[in-house]
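The values are calculated or read from the model by the stated rules, or taken from the named source; none is laboratory data. Keep in mind that what you see is a predicted model, and the values were worked out from it rather than measured. Every residue, glycine among them, receives a Cβ derived from its backbone with ideal geometry; neighbour counts consider all protein chains shown. To get the accessible areas, we keep the full protein, side chains included, count just its heavy atoms, and leave off ligands, DNA and RNA. Shrake-Rupley method; radii C 1.70, N 1.55, O 1.52, S 1.80 Å.
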Amino acid sequence: MKYYYLILSAVLMFGLGGCKKFLDETPTAHLSTGNFYKTGDDAVRAVNDAYRMLKDQAYGGYSPTSFGDIMADDANKGGGGASDQGLIQDLKLFTARSDNGYVFNAWRDNYKGVYLANLVLKKVPAIEMDAGLKSKVLAEAYFLRAYYYLHLVRLFGRIPMVIEPIEDGNYNIKQSEEKDILALIEKDASQAIKDLPENSKQAAVDKGRATKGAAQALLLETYMWQKKWTEAQLLGDQIIASGEYRLADDVTKIWTLAGEFGPESIFEVNNATIPGRNVGNLLNLFNAPRNTWGYGFTVPSKSLVEEFEKGDPRFGATVIVNNQVMPDGTTANTSGSETGYWNRKYWLALDEIPTKNGGGAGDGPTNDRVFGLAQVMLWTAEASFHNGAVPHATDLVNQIRTRARKSGGNTDLTVLPSYGTVTLDNIYHEMRVETALGEHRRFYELVRTGRAAALLPNFKAGKNEHVPIPLTEIQLSGGVLVQNPGY
């Protein structure tokens, strides 16, 4: 598995660029894995390197929005036409081949994260340092390794399980079954839960680092994939009842800059805002309307637009329509969008655009929201429904709908009426409109719930649940890696 060659020289040179508050500019590229890992500071810097791979690379690396939004029914590719980033269009049409660059980037970048987390778990235990800090660093590494493996197993299915940094040159490791990868994720997330702090006890400068709630949400999603409904409901209820999180008063504010790290935020990637350093979020540029400063990718689909109920305040926080007056006073022109809509989740007001503030294209300020209380509540509702606890599921979904009805200045109490007895389709509906284009999870949810073949044109059951293993990895493995069925 040659991807390790790609990252060995980069282990320490990324710095802490993924986070606004704990960014450390001390150069470390000259240090090797042999002479590093001596002090507590080294341990913290090493785990921060592992965090670095959380940073959404948009269209230059691993692109969660290409897989989670565009490959689903929530978005069209957009951009300058079918040939603009045509490899993403291949993903959308389920014609992607094993030499697709976005598939390779997803494999490479997530395995980089696994490797960096493995280095921490291997090297840090021997460091003489504060015991509490050591436990926290190791817990963060367990969380990160679980996070990267969840992305890998959702995308590729059977993958190599690497649980320590490879130092003997034996990169060719056979693939493990999905159930075994998911078991590792469970184990790592459970280990992280033991030593990560509660959200309320996390220092302000540590925003963007993993907490107990983040590890619990990751474990909950893993339970959902395995249909462990009893465990999922129990864990979801624990997160909800913990008192660490509450639904924000206004759902339409969550994906704004002012809404970052709000009361229902469980985990989000804290993108740096240092003008000219290109350590921010490229999605602001790539998803901004093409007739403004952006490239106009990930445009809302007609299917998504039609999913919203009339008057739902969440619509305006997700979709930009033609002639809409935006918060900065500008009037939207959507004529350049292939669907007639622009993406609201990564839109920036004029005074927030980095290129107008001394920054560059890679200095987008928007955090990537990964886990929020609303998604946890909806997963818990789904698990509760399967467990026969339908009244509990109904209550959870109605809390989400009531909050949405009261958002965005809406005063029409007839909007989003409460459900009497919730159905599974009701739960799926709320999952879609609540987090569309924000958490990049729609494709995986369709696969997880068995609805992809019915809802996604060209999707072939038994094949397109996963993308192909990158051709280069199969070739370099000498036949050890086996291609996914149908590719």
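With the structure loaded, tell me whether Asp109 is buried (at least 21 other Cβ atoms within 10 Å of the Cβ) and either touching a Cys at 6+ places or on another chain (Cβ under 7 Å) or acidic (Asp, Glu) (or both) or whether it fails that test.
yes
For Tyr142, indicate whether it is part of a helix (DSSP H, G or I), open to solvent by less than 50 Å² (accessible area, probe 1.4 Å) and at pLDDT 95 or above.
Details: part of a helix (DSSP H, G or I): yes; open to solvent by less than 50 Å² (accessible area, probe 1.4 Å): no; at pLDDT 95 or above: yes.
Here the answer is no, as Tyr142 does not meet what is asked.
State the number of residues belonging to the stretch 224-234 that are within 19 Å of Gln191 (Cα to Cα) and crowded, with 24+ Cβ neighbours inside 10 Å.
Residues flagged as within 19 Å of Gln191 (Cα to Cα) and crowded, with 24+ Cβ neighbours inside 10 Å within the stretch 224-234 amount to 1.
Can you tell me which of Ile173, Ile240 is open to solvent by 20 Å² or more (accessible area, probe 1.4 Å), over 25 Å from Glu434 (Cβ atoms) and either among the aliphatic types (A, V, I, L, M) or in a loop (DSSP other than H, G, I, E, B) (or both)? Steps first, please.
Values: Ile240 fails: over 25 Å from Glu434 (Cβ atoms).
Going through Ile173, Ile240 in turn, the sole match is Ile173.
For the stretch 74-90, give me each residue that is under 18 Å from Glu465 (Cβ atoms) and surrounded by fewer than 24 Cβ atoms within 10 Å (Cβ to Cβ).
Residue satisfying the conditions is Asp90 alone.
Residues Leu121, Leu155, Leu150: which one is of a type outside the set (Gly, Ala, Ser), assigned to a helix (DSSP H, G or I) and open to solvent by 20 Å² or more (accessible area, probe 1.4 Å)?
The unique qualifying residue is Leu121.
Can you find even one residue in the stretch 432-439 that is open to solvent by less than 70 Å² (accessible area, probe 1.4 Å), within 28 Å of Asp368 (Cα to Cα) and among the β-branched types (Val, Ile, Thr)?
Here is the first cut: in the stretch 432-439, the ones open to solvent by less than 70 Å² (accessible area, probe 1.4 Å) are 432-439.
If we keep only those that are within 28 Å of Asp368 (Cα to Cα) too, we end up with 432-439.
Applying the additional criterion that residues be among the β-branched types (Val, Ile, Thr) yields 433, 435.
The answer is yes; a qualifying residue exists.
With the requirement that a residue be open to solvent by 20 Å² or more (accessible area, probe 1.4 Å), charged (D, E, K, R) and touching a residue at least 40 places away in the same chain (Cβ under 8 Å), what does the stretch 310-355 give you?
Hits for the stretch 310-355 are Lys310, Glu338, Arg344, Glu352.
Hey, any hits in the stretch 176-187 for a residue that's closer than 20 Å to Val124 by Cβ, in contact (Cβ under 8 Å) with a residue 24 or more places away in the chain and either in a loop (DSSP other than H, G, I, E, B) or aliphatic (A, V, I, L, M) (or both)?
yes
Residue by residue through the stretch 245-264, note down the ones that are surrounded by 19 or more Cβ atoms within 10 Å (Cβ to Cβ) and among the charged types (D, E, K, R).
Listed by number, the residues that qualify are Asp250, Glu260, Glu264.
For every residue, the table says whether it meets (1) hydrophobic (A, V, I, L, M, F, W, C); (2) over 22 Å from Phe261 (Cα atoms).
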position: Met377; (1), (2): yes, no
position: Ala381; (1), (2): yes, yes
position: His386; (1), (2): no, yes
position: Ile400; (1), (2): yes, no
position: Thr421; (1), (2): no, yes
position: Glu445; (1), (2): no, yes
position: Ala461; (1), (2): yes, yes
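Kindly provide the set of residues from the stretch 84-120 that are in contact with a Lys or Arg (Cβ under 7 Å, 6 or more places away or on another chain) and either without any contact (Cβ under 8 Å) to a residue 24 or more places away in the chain or of a type in the set (A, V, I, L, M) (or both), ordered by number.
Ile88, Gln89, Lys92, Val114, Ala117
Take Ile193 and tell me if it is outside any loop (DSSP other than H, G, I, E, B), hydrophobic (A, V, I, L, M, F, W, C) and open to solvent by 20 Å² or more (accessible area, probe 1.4 Å).
For Ile193, the condition - outside any loop (DSSP other than H, G, I, E, B), hydrophobic (A, V, I, L, M, F, W, C) and open to solvent by 20 Å² or more (accessible area, probe 1.4 Å) - is met.
Could you run through the stretch 392-425 and say how many residues are in a loop (DSSP other than H, G, I, E, B), among the hydroxyl-bearing types (Ser, Thr, Tyr) and open to solvent by 30 Å² or more (accessible area, probe 1.4 Å)?
Final tally of qualifying residues: 6.
Could you figure out which of (1) of a type in the set (S, T, N, Q); (2) modelled with pLDDT of 80 or more; (3) within 15 Å of Leu119 (Cβ to Cβ) isn't true of Ser98?
(3) is the only condition that Ser98 fails.
Give the residues of the stretch 445-466 that are within 18 Å of Met431 (Cβ to Cβ) and out of contact with any His (no Cβ under 9 Å at 6 or more places or on another chain), sorted by residue number.
Those that are within 18 Å of Met431 (Cβ to Cβ) and out of contact with any His (no Cβ under 9 Å at 6 or more places or on another chain): Glu445, Leu446, Arg448, Thr449, Gly450, Arg451, Ala452, Ala454, Leu455, Leu456.
Which of the residues spanning the stretch 259-289 are out of contact with any Phe, Trp or Tyr (no Cβ under 8 Å at 6 or more places or on another chain) and modelled with pLDDT of 95 or more?
Gly259, Glu260, Phe261, Gly262
Consider the stretch 297-310. How many of its residues are assigned to a loop (DSSP other than H, G, I, E, B) and under 14 Å from Asp69 (Cβ atoms)?
Matching residues across the stretch 297-310 total 1.
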